[in-house]
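Below is one structure; the comments refer to it alone.
The values are calculated or read from the model by the stated rules, or taken from the named source; none is laboratory data. Just so we're clear, the structure is a prediction, and the values are computed from it rather than from any experiment. Note that we place each Cβ from the backbone using ideal geometry, even for glycine, and neighbour counts take in every protein chain shown.
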Ligand SMILES: [Zn+2]
């Protein structure tokens, strides 16, 4: 909530300004953007942390030079270019207009799930194979609503490319890369760790002779899929099987494409390190490791060097991780008092006993969406996966049809700050007001897909007084009012999400949301607590104010501005709301 640009931020901006690549030649057929927010910042690079080079106003149009992730590089003068965020502009090409509707796309993944709403919390209605042509109906930053010959629904924007000239704001297809290798474990109780190091926390254990998919190898550690997340095991305990001759040559290969022209290559992982050469736009290199904001690449058989990571486009493994049924070694925790443990994986089967909030049980296996668990007396019981949390794992089972709890609910989303009030400013330059609107729009799309009536207290970059925000809650008789903010303190260490309530009648919502954050986010959960904020204090409806992470913490700023975090946090709020209304 506070403002504090800080000296560190200024230094960072100066460093960034010094390494921005040369301008690109004018003109191609990428179309143009029209500014949809009142004033939009044009930045030196594709990220909120880059310095602002110019401000452009609503209604103005600029030619697109290229697209990178959620950003467009645009021509702002005869010899000047800059970057704008795609959620603040609308892309046009020829006669078609992109934002809502229009355009064709092609599926780029081998089996891409189509869902009833924009998020993995929504039910799958089917899947589409690579090359399937689809019509684009609607899109947001991370998800696209499509229609194929026999399916209609949402797919992740990572697995769809818009056809040339269609005018979509969708990302270009990322270079494909299948899993490098497979392997089989050679020992029992092999630790799977969160980092390629003995110091990484243990995510779980694998039994002997378990097959694993290996994505890459780094310093004698293999990165594998483990229960829907990435984990690391010591290579010594794996028997590797290369999928083809090419990958045998370099099993660790993760490659990246250079996105800047004449990018300096340095001797060490520091912007002050000696420059030993340069690499050029569209060249591809093997990635060896990443340290801070620098990535080490293989220049030739014998040469290595470091470049700034944000000018590399990583070629990613394409398919979403398959959920493994092998979840032995994990525990589930009961989150509701009186949760029923049953004799089989079926809601109509016999009741073994009821469990208390906070009780944990070792997991033996899974049947459908149910966990089979071991009781203290050695007996086996079953519990529905969507009413418990799996410890040490971010992937939760979503009950199909959780939408029903949200249908017809009136939810007012309040993106903090706006207009002349920018809110706090991140160490790297992120403005709180821009991030809150981004989060609000993603959340709105998810809730609307579930059939909720959603009202935003502001759209675009406008200043709205606190009393008007509360007024919106009262006028619409909100079933839930959610104020979104990003936090700040004087130090650069404090981290985490905090969920506030003011009145007793607001406490249930805050605690349901905090529950949801505890299990699913990359950012520490500080729980729910009392807070004296205008928008909840003056609110006669059930209202909460959430501080979704610290912009004053440079590491957290990078996390919370990422697409993954924005997707995760909005899913968590969505799930928390469903739990609250249930
Ligand atoms: Zn704020």
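Would you pick out the residues in the range 414-435 that are buried (at least 19 other Cβ atoms within 10 Å of the Cβ), on the phi < 0 side of the Ramachandran plot and within 14 Å of the ligand (Cβ to nearest atom)? Spell out how you get there, then give the answer.
First, pick out the residues of the range 414-435 that are buried (at least 19 other Cβ atoms within 10 Å of the Cβ): 414-418, 423-435.
Next, from what is left, pick out any that are on the phi < 0 side of the Ramachandran plot: 414-416, 424-428, 430-435.
Once the filter is applied, which keeps residues that are buried (at least 19 other Cβ atoms within 10 Å of the Cβ), on the phi < 0 side of the Ramachandran plot and within 14 Å of the ligand (Cβ to nearest atom), the range 414-435 yields 414, 415, 416, 424, 425, 426, 430, 431, 432, 433, 434, 435.
Just for the range 388-413: of the residues that are away from the ligand (no atom under 16 Å from the Cβ) and modelled with pLDDT of 90 or more, which one is nearest to residue 466 (Cα to Cα)?
Of the residues in the range 388-413, the ones away from the ligand (no atom under 16 Å from the Cβ) are 388-412.
After this cut, where a residue has to be modelled with pLDDT of 90 or more as well, the list is 405-412.
Working: 405: 29, 406: 26, 407: 28, 408: 26, 409: 23, 410: 20, 411: 17, 412: 14 Å.
The residue in question is 412.
Within the range 463-477, work out how many residues are within 16 Å of the ligand (Cβ to nearest atom), surrounded by 15 or more Cβ atoms within 10 Å (Cβ to Cβ) and part of a loop (DSSP other than H, G, I, E, B).
Matching residues across the range 463-477 total 1.
Within the bounds of the range 562-573, is there any residue that is over 23 Å from residue 404 (Cβ atoms) and buried (at least 19 other Cβ atoms within 10 Å of the Cβ)? Please lay out each step first, then the result.
Taking the range 562-573 as the starting set, the residues that turn out to be over 23 Å from residue 404 (Cβ atoms) are 562-566.
If we keep only those that are buried (at least 19 other Cβ atoms within 10 Å of the Cβ) as well, we get 565-566.
The answer is yes, given that some residue of the range 562-573 is over 23 Å from residue 404 (Cβ atoms) and buried (at least 19 other Cβ atoms within 10 Å of the Cβ).
Which condition from (1) over 23 Å from residue 407 (Cα atoms); (2) more than 24 Å from the chain's Cα centre (by Cα); (3) away from the ligand (no atom under 16 Å from the Cβ) is the one that residue 460 breaks?
Here residue 460 meets the rest and fails (2).
Would you call residue 296 touching a residue at least 60 places away in the same chain (Cβ under 8 Å) and outside any helix (DSSP H, G or I)?
Working: touching a residue at least 60 places away in the same chain (Cβ under 8 Å): no; outside any helix (DSSP H, G or I): yes.
No; evaluated as a whole, the condition is false for this residue.
Where the second residue is modelled with pLDDT of 80 or more and in a helix (DSSP H, G or I) and the first is more than 24 Å from residue 160 (Cβ to Cβ) and not assigned by TED's automatic domain parsing to the domain that holds residue 290 and lies in the range 306-318, which pairs have Cβ atoms under 9 Å and are six or more apart or on separate chains?
none
Residue under question is residue 418, and the condition is that it be touching a helix residue (DSSP H, G or I) at 6+ places or on another chain (Cβ under 7 Å), more than 16 Å from residue 513 (Cβ to Cβ) and free of Cβ contacts under 8 Å to residues at least 60 places away in the same chain; does it hold? Before the answer, list the steps.
Details: touching a helix residue (DSSP H, G or I) at 6+ places or on another chain (Cβ under 7 Å): yes; more than 16 Å from residue 513 (Cβ to Cβ): yes; free of Cβ contacts under 8 Å to residues at least 60 places away in the same chain: yes.
Yes; evaluated as a whole, the condition is true for this residue.
Find the helices (runs of 4 or more DSSP H) located wholly in the range 478-582 whose residues include 2 or more that are modelled with pLDDT under 95, and list them. Full working, then the answer.
Values: elements: 507-520, 534-537, 554-560, 563-581.
It comes to 507-520, 554-560, 563-581.
Residues 168, 117: which one is assigned to a loop (DSSP other than H, G, I, E, B), touching a strand residue (DSSP E or B) at 6+ places or on another chain (Cβ under 9 Å) and modelled with pLDDT of 85 or more?
Details: 168 fails: modelled with pLDDT of 85 or more.
Only one candidate qualifies: 117.
Could you tell me whether any residue of the range 527-549 is free of Cβ contacts under 8 Å to residues at least 40 places away in the same chain and under 22 Å from the mean Cα position of the chain (by Cα)?
yes
Closer than 23 Å to residue 48 by Cα, assigned by TED's automatic domain parsing to the domain that holds residue 432 and more than 16 Å from the ligand (Cβ to nearest atom), is that true of residue 548? Explain how you work it out, then say what you get.
Details: closer than 23 Å to residue 48 by Cα: yes; assigned by TED's automatic domain parsing to the domain that holds residue 432: yes; more than 16 Å from the ligand (Cβ to nearest atom): no.
Answer is no for this residue.
Residue 444 - would you say it is surrounded by fewer than 22 Cβ atoms within 10 Å (Cβ to Cβ) and either assigned to a helix (DSSP H, G or I) or away from the ligand (no atom under 16 Å from the Cβ) (or both)? First the steps, then the outcome.
On the way: surrounded by fewer than 22 Cβ atoms within 10 Å (Cβ to Cβ): yes; either assigned to a helix (DSSP H, G or I) or away from the ligand (no atom under 16 Å from the Cβ) (or both): yes.
Taking the combined requirement at face value, the residue satisfies it.
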